Amino acid sequence: MATGRTSTRGAALALALVGLGLALAPVAFGMFQRAPLGAEMIQDFAPLMTQERLAGFQGHLAGIDAAVQEIDPLVEARPGIESPAYATFSRDWPEIHTTMTSLMDQVAANREGYDAVASLPDFRLFPWFFAVPGVIILLLAGYGAVTGRDGWWLRLPAAALGVALVVLPFAVGMFDKAPRGAQMMGAFQTIETSENVARIQGYFATMAAGQGAIRLDIAPELARAGVPHPATEELDAQWIRVLNDMTPMIGAMSDSVDNYQAVASLPSFRLFPWFFVAPGALLVLISLTPRKARP
Amino acid sequence: MKLSGPSFRLVAAGALLSATLAGCGSSDDGEEASGEPLVGTFRLDAGHCDAKGVTGSYFRMIQPGGTVEKGGYFLNPDSKCPDQSYSVAVAGTDGGLVTGTFQPGPKAAFSPQGDALAGQITRPGTFTAIKFAISTQSVDPGTGEELPRPEIRNDDGVLSGQLTAWTAGWNNLYFNQGSPKPDGSEKGLTSPVEGTYDEDSGHFELSWSSTIEGGPFDRFSGYWHLEGTFVAAK
């Protein structure tokens, strides 16, 4: 009798181990804390990561650059038109322009990666995808292991949950989307840092002061002197829109630094589909192993 | 349900304890709050600036890593001051800050362009081409936390208090600029509200700084200086 019970315990023990692993994985990786932060980050960037908005940011930078390129020679040719605030801005603009354009290029290049991640199931659900089946299997298999019982009541749910875990990443396109998400996370590594956000905040202050000097000092002087300055006029006309667009972007970048760090400390997105498939396949395989007949 | 003798005593003792604890926790009666509350309107003198400096009510924005005394400051190109780190304030429709109540501004707080419309405390001023305005909100627009009514106390000519609900609006965004912050802390450069009060003339000066948490101006700080005449509520 004892030998028979031991022989039926093998599958239950194996299932219990897989269940335990599934249940503990989100705890071990801190997913219950980090996944909601990832969801928050995705949400914060949602209004900004459209093709139209990203093209708009690039357009704004190009518009400012066109105004600076227009004004610099005009100011140089007319010593009467001067503004210390503009001089500072004009001096700093090449660095700001290069950095901001490169940053926006990086963000735009990863828009599809963002879309891929955003189209995955809500990040908040991810820990539960592991914990719920893990706990169910652990309870069932634990009972089987302790009592030495084995039967359809254990193997059927284990197999069903195993199939569900295997199917889920295919159903939501995780094999395609997760690597693109991983690429986006890699690209954002240099963007989502406190230092970089502080630098961009500083650029914003310089740009605001510079545009103010253009709008309130330079442009009126050029108009009085009858000097055409269409790019500058266009910038002044668009400036409110520039602020309306860029301020939330800086806000989202600033608010997402901690959230990004939390998500980045999770295992690579590339591995995520396998976190479902591997334990799912194990559950199915163990469930399908033939039961040993009791003597 | 009728309470028996021991149960009644227990409930009564509990109620007494609750009342005692509530009293201890109140900001009105604790050791930190001293002096008498000044309930009424802190009517603002308009800010004025020239080459000599600034008088009246004004605001400065300090960049991350800066200090209230030395900056670096965010220069407001729309400021008419020679030193554009100063943005002067002009009293709004209520004449200034009213304590003991909220001055939340209109329901539609922003124009489509992002200009803030609240005008009870101060007239909306321009900050980098977009109007900014001050209100005191009962609920923090950023966190949804309930905020206390503005309170200023006078202790023999020395003012203190809390202006946690002091909120700036700009470009469709809100920035808590109160002290202490909504969570009760004094993070970053946030400093207590303090000032002076002349009971004979009613002249007051109040100042504090408050560091922004989150959003595009995360870790920037505002320094606020209000000056004018206190008029007690009737």
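FYI, it's all coordinate maths here, none of it is from the lab. Being a predicted model, the structure only gives us computed values, none of them experimental. With ideal geometry, Cβ positions are generated from the backbone for all residues, glycine too; neighbour counts draw on all protein chains shown.
For the reader, a short list of remarks on this structure follows.
- For region B:30-57, filtered to residues that are among the polar types (S, T, N, Q) and closer than 20 Å to B:TRP224 by Cβ, the residue that is nearest to the other protein chains (Cβ to nearest Cβ) is B:SER57.
- Positions within region B:190-212 being within 29 Å of A:ASP44 (Cβ to Cβ) and surrounded by fewer than 22 Cβ atoms within 10 Å (Cβ to Cβ), in sequence order: B:THR190
- Residue that is farthest from B:ILE130 (Cα to Cα), among those in region B:165-187 that are in a loop (DSSP other than H, G, I, E, B) and touching a Phe, Trp or Tyr at 6+ places or on another chain (Cβ under 9 Å): B:SER179
- Scan region A:237-287 for residues that are touching a helix residue (DSSP H, G or I) at 6+ places or on another chain (Cβ under 9 Å), aliphatic (A, V, I, L, M) and within 14 Å of another protein chain (Cβ to nearest Cβ) and the total you get is 8.
- Criterion: over 20 Å from the mean Cα position of the chain (by Cα) and within 30 Å of B:THR128 (Cα to Cα) - qualifying residue of A:LEU61, A:LEU140: A:LEU61
- Filter result for B:ARG60 (in contact (Cβ under 8 Å) with a residue 24 or more places away in the chain, within 14 Å of another protein chain (Cβ to nearest Cβ), in a strand (DSSP E or B) and not small (Gly, Ala, Ser)): yes
- Selection status of A:GLY212, in contact (Cβ under 8 Å) with a residue 12 or more places away in the chain and either within 30 Å of B:ASN76 (Cα to Cα) or touching a His at 6+ places or on another chain (Cβ under 9 Å) (or both): yes
- Strands (runs of 3 or more DSSP E) wholly inside region B:125-164 containing at least 1 residues that are among the hydroxyl-bearing types (Ser, Thr, Tyr) and under 11 Å from the mean Cα position of the chain (by Cα): B:130-136
- Just so you know, in region A:143-163 the residues that are crowded, with 17+ Cβ neighbours inside 10 Å and of a type outside the set (A, V, I, L, M) include one that is farthest from A:LEU48 (Cα to Cα), and it is A:ASP150.
- The helices (runs of 4 or more DSSP H) located wholly in region A:184-295 that include 3 or more residues which are at negative phi and of a type in the set (D, E, K, R) occupy A:230-255.
- Of residues in region B:73-107 being assigned to a strand (DSSP E or B) and touching a Phe, Trp or Tyr at 6+ places or on another chain (Cβ under 8 Å), the one farthest from the other protein chains (Cβ to nearest Cβ): B:VAL98
- In region A:83-99, the qualifying residues are those that are in contact (Cβ under 8 Å) with a residue 24 or more places away in the chain and more than 14 Å from chain B (Cβ to nearest Cβ), and the one that is nearest to the chain's Cα centre (by Cα) is A:THR99.
- Here is the figure for region A:32-55: residues that are among the small types (Gly, Ala, Ser) and either assigned to a loop (DSSP other than H, G, I, E, B) or crowded, with 20+ Cβ neighbours inside 10 Å (or both) total 3.
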